[in-house]
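Take a look at the structure below.
Values in this text are rule-based calculations from the coordinates and carry no lab data. Computed from a prediction, not measured in an experiment: that's the story for all the values here. With ideal geometry, Cβ positions are generated from the backbone for all residues, glycine too; neighbour counts draw on all protein chains shown.
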Amino acid sequence: MKIALVSGASSGMGEEMARQIALRFPSLDGIWITARSEEKLARMEREFPGKMRAFPGDLTGEQVRTELRDALIRKNAEICILVNAAGYGKLGTVGQVSGSDTRGMIALNCTALTALTELSLPFLSAKCRIINFASAAAFLPQPGFAVYAATKAFVLSYSMALAKELEPQQIYVTAVCPGPVDTGFFSVAEEFQKAPFYKKYFMAKTSRVVARALSDAFAGKTVSVYGAAMQSLRVLCKVLPHALILKVFSPCSEANTTRNASEQCSDG
Ligand SMILES: NC(=O)c1ccc[n+]([C@@H]2O[C@H](COP(=O)([O-])OP(=O)(O)OC[C@H]3O[C@@H](n4cnc5c(N)ncnc54)[C@H](OP(=O)(O)O)[C@@H]3O)[C@@H](O)[C@H]2O)c1
């Protein structure tokens, strides 16, 4: 059976990816969706009966990945589209963001993404697409969002290298690098610190970012950047010294001081 596999499919861009893939590729036999929220995935299954199949679980653990691998083998599945959208970020300086979140971002955004990609490799067919969600945060270091930006720089670098490695097999890899998008991302991100005010002026619509990402992936583009502002940022980050850009845009301020010692000691 020919399938698409979408992580982070319970909300935001992963959910929108699963929906748009269902509509644009009706010949697929199934769209396998994964995230932790069982109820939200079940709702998607009800909305697309016989098409969506839920694999609820925490992607940073082994269990759901093992279930996916077993199902791929059992069904003799061919993955035509793999979307790695599961990811999160916590705004705040290093030391302000909890240790468990620092490790959690690396575990989900980097380790789980590479693990899901690796387990999918034997099931990918020629002409298939791997779509990895990086971020415009990958373009330059971000004080106040340091670990998240570093994880996304990893995703961008990894995806571009993988694209080259898989070229002979005609497997195309696209790193999606949006600026701020109107998903639930910021309600998670703002636990320790508010987003800089200018982010809301660049907020893009989820459906448009996803439509662009799908079009770019099927046009064989290695990097997908939605909107003139983020495309300009990408060019600026290539031609100007990062130290200069950081001087202008650094979101760190006196207000963003580290949490007190007792708060930090209580972190997991
Ligand atoms: N929104 C933005 O401004 C923006 C900009 C650039 C890049 N991105 C990137 O785009 C991707 C999608 O984000 P989004 O904006 O759509 O955010 P979102 O609405 O918060 O969606 C994140 C998804 O990741 C899943 N997830 C979180 N932790 C997980 C875990 N441990 N195991 C499995 N799934 C997990 C969530 O589902 P559960 O909670 O149900 O597990 C959810 O489906 C992320 O990689 C994000 O870094 C976002």
Enumerate the lysines that Lys152 could reach by cross-link, defined here as Cα to Cα under 30 Å, with residues fewer than 8 away along the same chain left out.
-> Lys2, Lys40, Lys90, Lys127, Lys164, Lys194, Lys199, Lys200, Lys205, Lys221, Lys238, Lys247
Per residue of the range 231-243, in order, report the coupling 6.51 cos²θ - 1.76 cosθ + 1.60 (Karplus, θ = phi - 60°) as ³J(HN,Hα) in whole Hz, putting x for Gly and Pro.
-> 5, 5, 4, 4, 5, 4, 5, 7, 9, 9, x, 4, 4
If Lys and Arg each add +1 and Asp and Glu each add -1, what is the summed charge of the other residues whose beta carbon sits under 10 Å from the beta carbon of Lys205?
-> -1
Under-5 Å amide H pairs with Val181, H placed in peptide plane, nonlocal only | Ala204
For the chain, the longest principal axis of the Cα atoms and the Cα long axis of helix 206-218 enclose an angle in degrees, to the nearest 10, of 60
Starting with the fewest neighbours, write out Ile130, Ile79 ranked by other beta-carbon atoms found within 10 Å of each beta-carbon.
-> Ile79, Ile130
Cleavage-rule hits, GluC sites (Glu not before Pro), the range 112-210, DSSP coil, Cβ neighbours within 10 Å at most 14 | Glu190, Glu191
Suppose R0 equals 41 Å; then what is the FRET efficiency for Glu78 and Lys247 from their Cβ-Cβ distance, rounded to the nearest 0.05?
-> 0.25
In terms of modelled amide H atoms, which long-range or inter-chain residues lie less than 5 Å from the amide H of Cys128?
-> Tyr172
Angle between the Cα long axis of helix 12-24 and the longest principal axis of the chain, 0 to 90 degrees, nearest 10?
-> 30
Using 1/(1 + (r/R0)^6) with R0 = 41 angstrom and r between the beta carbons of Arg103 and Glu45, what's the FRET efficiency to the nearest 0.05?
-> 0.85
Descending semi-axes in Å of the chain, equivalent ellipsoid built from Cα gyration tensor | 31, 21, 17
What angle do you read, to the nearest 10 degrees and between 0 and 90, between the alpha-carbon axis of helix 38-47 and the longest principal axis of the chain?
-> 50
Phi-based couplings in Hz for the range 72-80 (Karplus 6.51, -1.76, 1.60; Gly and Pro marked x) | 4, 5, 4, 8, 6, 7, 10, 8, 8
Taking amide hydrogens as modeled 1.01 Å from N in the peptide plane, which residues meet the under 5 Å criterion relative to Trp32, leaving out close sequence neighbours?
-> Ala4, Leu5, Val6, Arg53
Could you please state, rounded to a whole Å, how far the C-alpha centre of the range 7-61 is from the C-alpha centre of the range 167-183?
-> 18
Based solely on its DSSP helices, what 222 nm [θ] is calculated for the chain when runs of n ≥ 4 H residues each add -39,500 (n - 2.57) and the sum is averaged over all residues, nearest 500 deg cm²/dmol?
-> -12500 deg cm²/dmol
Calculated FRET value between Ala228 and Gln20, using beta carbons and R₀ = 25 Å, to 0.05 | 0.65
